[in-house]
Amino acid sequence: KLPPKILHAPSAQPDRVILTWAADPATSQAVTWRTDMTVEHAAAEIALAEDGPLFRKKARQVPARTERYTSNLGDALYHSVEFTGLQPATKYVYRVGDGSNWSEWAHFTTLSDKPAPLTFAYVGDAQNDIFEMWSRLIRSAYSDAPKLNFLLHAGDLINTADRDEQWGEWHRAAGWINMSVPSVPVPGNHEYGTQSDGKRALNRNWHPQFTLPSNGVAGLEETNYYYDIQGVRIVSLNTNERQKEQAEWLDRMLANN
């Protein structure tokens, strides 16, 4: 059995590939992934999905935004791309890599820009025995509803926020599902840790690995946000801090919806 540091260590091959949204789910799609420090020019390629392999000739490349990340597993790079100007209710194919090391091609489908039926899975507290147990749950959810529009993660994705191997288990458990079904993650108290000054704060793992909106209360970017999805307003609240400001913001979000 490999120790966690080796099992979850990054390499030049993309891993932890996950779809999220940072803007309108009908016309955009964000993707984030991890590599080791050797990767210099990360990018994603995207095309309209076709039955055969000829879409590759039509794929366009989008350069990634890259940030350095240091955890208990060492140094790594997180890369993110936002595909914009997409067509609503349309299937696309994409992959991520550096020109030499690529992920497999995966599909996603943009949402409709009009009210339409909506299917999502609501999950929470993956947290313990993540790879052993949560993999079973998320695969069962997908097999029950393979046309899921998104996965809503209601906090406590892991148990100890600063243990990067737990995040490795979380990504590994969902595997290619994260590459095809967008995630809407909300932090729980286990995504928070105690700093050297004794104050609790969102752990450094959160922001690099998710690309999320900044349309909530200022200072709570990517943890407090909302989407309008096919006639439904989906609101993410971060209950760990600044609850009064978020409650007032939520009242405004509901009043003008």
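May I ask you to give the percent of accessible area on the range 99-182 that is carbon plus sulfur, with a probe radius of 1.4 Å? Please report the intermediate quantities before stating the final value.
Numbers: 1990 of 4080 Å².
Here carbon and sulfur together make up 49 percent of the probe-accessible area.
Given a cut-off of 21 Å, what percent of all Cα-Cα pairs of the range 137-211 lie beyond it? Write out the running numbers ahead of the final one.
Details: 835 of 2775 pairs.
Beyond 21 Å sits 30 percent of the P(r) for the range 137-211.
Given R₀ = 25 Å, FRET efficiency for Thr84-Glu248 by Cβ-Cβ distance, to 0.05?
Details: r = 31 Å, r/R0 = 1.24.
The calculated FRET efficiency here is 0.20.
Quick one: compute the contact order of the chain, relative version, from alpha carbon pairs under 8 angstrom and 6+ residues apart, as a percent.
Working: 544 pairs, mean separation 49.8, N = 257.
In percent, rounded to a whole number, it is 19.
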State the percentage of accessible surface on the range 1-54 attributable to carbon and sulfur atoms; use a 1.4 Å probe and exclude ligands, DNA and RNA. 59 percent
How long are the semi-axes of the equivalent ellipsoid of the range 166-207, taking √(5λ) for every eigenvalue λ of the Cα gyration tensor, in whole Å from largest down? 26, 11, 7
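Can you sort Asp129, Asp75, Asp144 by 1.4 Å-probe accessible area, starting with the largest? Display every interim value, and only then the final one.
Values: Asp129 90, Asp75 65, Asp144 125 Å².
Greatest to least solvent exposure: Asp144, Asp129, Asp75.
Would you list Thr66, Thr223 from the most to the least accessible area, probe 1.4 Å?
Working: Thr66 70, Thr223 5 Å².
The ranking, largest first, comes out as Thr66, Thr223.
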Could you give the accessible area per residue of the chain, probe 1.4 Å, as a whole number in Å²? 49 Å²
Candidate aspartates and glutamates for bridging to Lys244, where Cα separation is under 17 Å - those fewer than 8 sequence places away on the same chain excluded: Glu221
Measure of size requested: the Rg and Dmax of the range 56-164, with Cα atoms as the atom set and Å as the unit; please supply both. 17.1, 45
Residues whose built amide H sits under 5 Å from the amide H of Thr90, excluding neighbours closer than 5 in sequence, are Thr110
Cα centroids of the range 152-198 and the range 121-143: how far apart, whole angstrom? 12 Å
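The values are calculated or read from the model by the stated rules, or taken from the named source; none is laboratory data. Computed from a prediction, not measured in an experiment: that's the story for all the values here. As a convention, Cβ positions derive from the backbone with ideal geometry for all residues, glycine included, and neighbour counts pool all protein chains shown. With ligands, DNA and RNA removed, areas are computed over all heavy atoms of the protein, side chains included. Shrake-Rupley method; radii C 1.70, N 1.55, O 1.52, S 1.80 Å.
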